[in-house]
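Bear in mind these aren't lab numbers, they're just calculated from the coordinates by the rules spelled out. What you see is a predicted model, and the numbers here were worked out from it, not measured in a lab. Glycine gets a Cβ as well: all are built from the backbone with ideal geometry, and neighbour counts include every protein chain shown.
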Amino acid sequence: MALLIDDSCINCDMCEPECPNQAITMGEEIYEIDPNLCTECVGHYDKPTCVSVCPIDCIDPDPAHVESDDELLVKYHLITGKPLATP
């Protein structure tokens, strides 16, 4: 599932440079995550780096964009062009 930045965001600028898919951008008032680009760092890292660096814990799963790890891995492949790992 993609992640979502809630309205308690303080625009600290910590999350945006950490996103390997460039899914985080500044919105009208706070940072936003593009669900089409967010893979929760699947394919890049063991856990979402934006969540790790957020000082106020305002990044949560987006209930409107539920995806399995397999779906996130396919999205990673489509975004990066890197091949999927084979068992």
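Using Rg and Dmax of the Cα atoms in Å as the read-out, say which of (1) 12.7, 44; (2) 21.1, 60; (3) 21.9, 81 was calculated from these coordinates. Correct label, based on the coordinates given: (1). In the stretch 1-77, which GluC sites (Glu not before Pro) are in a loop and have at most 16 other Cβ atoms within 10 Å, using DSSP for the loop call? Loop-located and lightly packed - GLU28, GLU29. Between the amide H of HIS65 and those of ALA2, distances stay under 5 Å, these residues lying 5 or more places away or on another chain, with hydrogens modeled in the peptide plane. Per residue of the chain, the DSSP helices (runs of n ≥ 4 H) give a summed -39500 (n - 2.57) that works out to -5500 deg cm²/dmol at 222 nm. Close amide H contacts of ILE30 (hydrogens built in the peptide plane, cut-off under 5 Å, sequence separation of 5 or more or a different chain): none are found.
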